[in-house]
Amino acid sequence: MGSQGGFYQSKEFLDLVKSIGEARSKAEEDRIVLSEIETLKRRISEPDIPKRKMKEYILRLVYIEMLGHDASFGYIHAVKMTHDDSLLVKRTGYLAVTLFLNEDHDLIILIVNTIQKDLKSDNYLVVCAALNAVCKLINEETIPAVLPQVVELLGHPKEAVRKKAIMALHRFYQKSPSSVSHLISNFRKRLCDNDPGVMGATLCPFFDLIAQDVNSYKDLVISFVSILKQVAERRLSKAYDYHQMPAPFIQIKLLKILALLGSGDKQASETMYTVVGDIFRKRDSSSNIGNAVLYECICCVSSIYPNTKLLDSAADAISRFLKSDSHNLKYMGIDALGRLIKISPEIAEQHQLAVIDCLEDPNDTLKRKTFELLYKMTKSTNVEVIVDRMIDYMISINDNHYKTEIASRCVELAEQFAPSNQWFIQTMNKVFEHAGDLVNIKVAHNLMRLIAEGFGEDGDNADSKLRSSAVESYLHILGEPKLPSVFLQVICWVLGEYGTADGMFSASDVTGKLCDVAEACSSNETVKAYAVTALMKIYAFEIAAGRKVDMLPECQSLMEELLASHSTDLQQRAYELQAVIGLDVHAVECIMPPDASCEDIEVDQGFSFLDGYIQEAIEKGAQPYIPESERSGLLNMGKFRNQDHHESSHGLRFEAYELPMPAVQSRIPQALIPSTEMVPVPEPMYPRETDQTPVSPIPSNPSNAGSAELKLRLDEVQQKWGRPTYTPETSTSNSTSQKSVNGASAVNSTREAYASRKPQVEISHEKQKLAASLFGGSSKPEKRPATGHKVSKASSHMVEKSHVPNSSMEVAPEKAAPAQPPPDLLDLGEPTATSTAPSLDPFKQLEGLLDTTQDALAANSATTASRSPDVMALLYADTPIGIHNKDDADLLSGLSNPSVTHMAGATARSRLSQSSSKGSNPKDSLEKDALVRQMGVNPSSQNPNMFKDLLG
Amino acid sequence: MGIRFILMVNKQGQTRLAQYYEWLTLEERRALEGEIVRKCLARNEQQCSFVEHRNYKIVYRRYASLFFLVGVDNEENELAILEFIHLLVETMDRHFGNVCELDIMFHLEKAHFMLEEMVMNGSVVETSKANILSPIQLMEKAS
């Protein structure tokens, strides 16, 4: 291809990019992309497109998809491009294919063959490109097609290939663990690879493997520990350093692995203590990356078998995080604290005020993290404060995903630690009121069960108090508009069961409210059904108590409406209600015994109580009951016989099929025959069990006693009268037509206390109180000074805030410094970087190899105070020039361009920069600017931001 | 699988690079990017660089006009991801020299190649700038 360069870009492409870059709105961008789609559709299928043109088309397709439009018309061309001989074109083809296609796409089959061929290539860069594609495109079915070749590549002389081959195996493991289960030894082998890059990559599959099965890898603890030790002691190549930190990403991965291996294993953990302690000691808490490693250490310490010394170090690191001004570090600190308190709960007390600060922080992410922490440290002593806080927060957010989560956490905590029934009911009310339709229906059932069964501790008296308070609060809450459906169901049920139980409220009060509910929820049949049943219960209790039932006029009109309802369920309930009201005291008591929701209903599955009735009927000449199975058997027999007749005329032979049927039937115990085939037969209703069921069971023979046939039906009975907890709503009506929850602005007195904003000085007092209630145990003397500190902090709150941006700004340039030295330095250094570095760099890998093997070099790596010169020196001085040229030629021969030397490379690069890229020296930058100005893109045009140096 | 996706989005919310490590359809991507961009771009500098979204955690960092957003799962070390972003920018800066948004737009494939070297299967596999850039430089030279 010569000097044209594969990265060459046409004016057309630059124009496209320019217009996309300058698009003012999404609509404008869409217009540009749509016209681009039209252009490409026409152009891309023209014959004989030069390949660099085609590469550009494919990139334009990538743009189209990236901006959210469909480019499937060009997929096939991307696939074709993977066949190309030119490495750059091929790799761009692979890139496009991995971006466009998922592993199950039809076109993949066309690529597998190319991948197979490329995996065998002599050019290691082609092999690497193919391995990249393998990781993205190979699915479970195509693994066998490439597996042998990938395994072979694990022994490739080039470390880059070994690394990617390992990752390909890792991918196969993720896709189908069984496909590589026989190859685990290869991972172990590559863990000892003398290239740190390959070793580092191997940690990825090991993390997954160990997470699945810790015990098979316990023998590797020592290896991991010794690798971590070497990394921490700077035995790896400097190329892996990041901001003076030796290979931090490898350290982090190793710490994650050790955390898994040491969890609950004292012996394994003991071998880790020294190295983890060393890392703590060497900490560099001035940089983000240092803190990232530190955080991982804390995670490791809190996962492995506890060691006091390490726990102290961890606690110390956490307190630094929490005291930091950076929100990021605070976040990490809160997270780490949440991990550590599982082992040493007392540590939370030290940081109580910091935690409260985070809780009150306007930053949402931090707040959530803090709630997570609070959730973990909830006890019966602080549950009230924590749950109240959570509910306040829940009310304040709109994110349904998180609302659901926090609601279920509130419920969980309330159930676990509730200090009093009253509080529990009120808390649940709040949760339901504000997140009702987001909570799981089981939670509602659970609440009903709790109210019905009571807490069981303080006897009946406490239980009835609980119920009274529930009834009272519900009657009060019903005044609120737009209550969630789930909550209304609970309310109806509780009012029905216990509304009039303590005599505080009259039947007409309660029934009036229930009618209101039914009317307000005209579209929600589930709630209506609950309301009607509740009405029935109340009237029944009235009758049972010997009082005269006066149906309210609104109730009567409701009944009239429901008697004609389209919903059979509602209609039936209405008829039942009507029937119950007409019954006498005795009958009603049998149907609806008061407060019987917790009583187990004994079900006589054999219906022995019907024996007399049956006997009578049979004596009168009725047919004896034939169990369904036999009936259907007979039926089938009949059919077969009929068919037999047919058969003779058609000449078909059925004998072979006829025999097994009855034989099988008779062998199956009747009890096992599913009841679903049962044909419902209308029968007179029987009290108690059956009056709620839409379908009454068929009385069976006494001989069938114990048959499970009727189980399903009886379950339905239980749903009404058994424990409500376990019963899904019986009604067939759609319970999903629910009103969305919103910030129904019910104000609660408890909440008010917290919500009310107080002057700042008082906040610190409040905070202190909050701390005391959250962390309870904290001793007075400790609190005092802290309060003083708090006051000053609160008053300087504003000042502090204005500091934050500064400090975070400061961090970035400081970090950029080592790798990206100040401009003057760069100007000196960069010419070398652009021209020689490219050819130099591959040997850094070699260097790495030397570095790991030669311990002597470790001395070399001791940190020097002068940062950037050190880095430079190591980058450019260390490389032995002799090997360099020879190997360079070697490398390039792989690219079928052996004549390109070092310097030629440099010139090629600068020539290249004329056409497209800018180099990093001033001249190149100028050229770049000139070029883009020529294209009409310039800093003064619509989007000057595009020119801003990212690191500037 | 730690990293689920990497996005580069400019201040106007226009996508400049998108790489996913789990398959999402075009519509899913569009929706996700829209939601995330709305969420992250609205935040100010002082706020925490981590945002929870659906079941992802987004770690983001802003460089001049460009936001780098990395979606990770719960087990990931957020600070390390934040530094990974910086490493990526440093690497691009070494290659392009004073890298700016336009460099990424004009050389989208190169930016992708760098990512391909750095991240595989959603894990960071290479952090040596020399190793990341050498294949790209060799390709440049060969063509």
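The values are calculated or read from the model by the stated rules, or taken from the named source; none is laboratory data. Since we're looking at a predicted model, the values are computed, not measured. Every residue, glycine as well, gets a Cβ built from its backbone with ideal geometry; the counts of neighbours run over all protein chains shown. Side chains are part of the model used for accessible areas, which takes the heavy atoms of the whole protein and leaves out ligands, DNA and RNA. Shrake-Rupley method; radii C 1.70, N 1.55, O 1.52, S 1.80 Å.
For this structure, a couple of remarks:
- Under the Karplus curve 6.51 cos²θ - 1.76 cosθ + 1.60, θ = phi - 60°, whole-Hz ³J(HN,Hα) for segment A:22-28, x wherever Gly or Pro sits: 9, 4, 8, 9, 4, 5, 5
- Residue-averaged beta-carbon neighbours from other chains (10 angstrom radius) around B:80-88: 6
- Relative to its Kirkwood radius, the Cα radius of gyration of segment B:42-107 gives an Rg/Rh of 1.00.
- Counted charge near A:Pro246, where neighbours are those whose Cβ lies closer than 9 Å (Asp, Glu -1; Lys, Arg +1): +1
- On the beta carbon distance between B:Asp73 and A:Thr308, with R0 = 25 Å, the FRET formula returns roughly 0.20.
- Total accessible area lost when B and A pair, probe 1.4 Å, Å² to nearest 100: 9100 Å²
- Theoretical gain in end-to-end length, A:Glu766 to A:Gln578 [0.36 nm per residue, Cα-Cα removed]: 61.9 nm
- Length added when fully stretched, A:Ser10-A:Cys590, from 0.36 nm per residue minus Cα-Cα: 199.8 nm
- Listed peptides A:168-176, A:560-568, B:68-76 by packing density, highest first (mean Cβ within 10 Å): A:168-176, B:68-76, A:560-568
- Computed over segment A:421-489, relative contact order equals 54 percent, with contacts defined as Cα pairs under 8 Å that lie 6+ residues apart.
- Each residue, A:Glu152 and B:Ala42, gets one label point 7 Å from its Cα in the Cβ direction; the gap between the two is 5.6 nm.
- Summed side-chain charge close to A:Gly155 - residues other than A:Gly155 whose Cβ falls under 12 Å, Lys, Arg +1, Asp, Glu -1: +1
- For segment B:40-92, the solvent-accessible area of protein heavy atoms averages 25 Å² per residue (probe radius 1.4 Å; ligands and nucleic acids excluded).
- FRET efficiency for the pair A:Asp502 and B:Asn55, taken as 1/(1 + (r/R0)^6) with r the Cβ-Cβ distance and R0 = 41 Å, rounds to 0.30.
- Between segment A:107-158 and segment B:76-94, the C-alpha centres lie 29 angstrom from each other.
- The alpha carbons of segment A:104-232 occupy a box of 46, 30, 20 Å along the principal axes, longest dimension given first.
- Here the spin labels are modelled as points 7 Å beyond Cα on the Cα-Cβ line, and at A:Glu270 and A:Glu561 they lie 7.6 nm apart.
- Peptides A:244-255, A:440-451, B:16-27 ranked from most to least packed give A:244-255, A:440-451, B:16-27, packing being the mean of other C-beta atoms within 10 angstrom over each peptide's residues.
- Multiplying the residue separation of A:Asn102 and A:Lys26 by 0.36 nm and removing their Cα-Cα distance gives an extension gain of 24.7 nm.
- Each distinct pair of alpha carbons in segment A:168-267 adds a 1/r term; the inverse of their mean, the Kirkwood radius, is 14.1 Å.
- Considering only B:Leu133, B:Leu115, B:Leu102, the Gaussian network model of chain B with Cα springs below 10 Å gives its largest mean-square fluctuation to B:Leu102.
- Relative contact order computed over chain B (Cα-Cα under 8 Å; 6+ residues apart), in percent: 25 percent
- Computed over segment A:414-564, relative contact order equals 21 percent, with contacts defined as Cα pairs under 8 Å that lie 6+ residues apart.
- Using the average count of surrounding beta-carbon atoms within 10 Å as a protection proxy, the listed peptides A:404-416, A:51-63, A:205-217 rank, highest first, as A:51-63, A:404-416, A:205-217.
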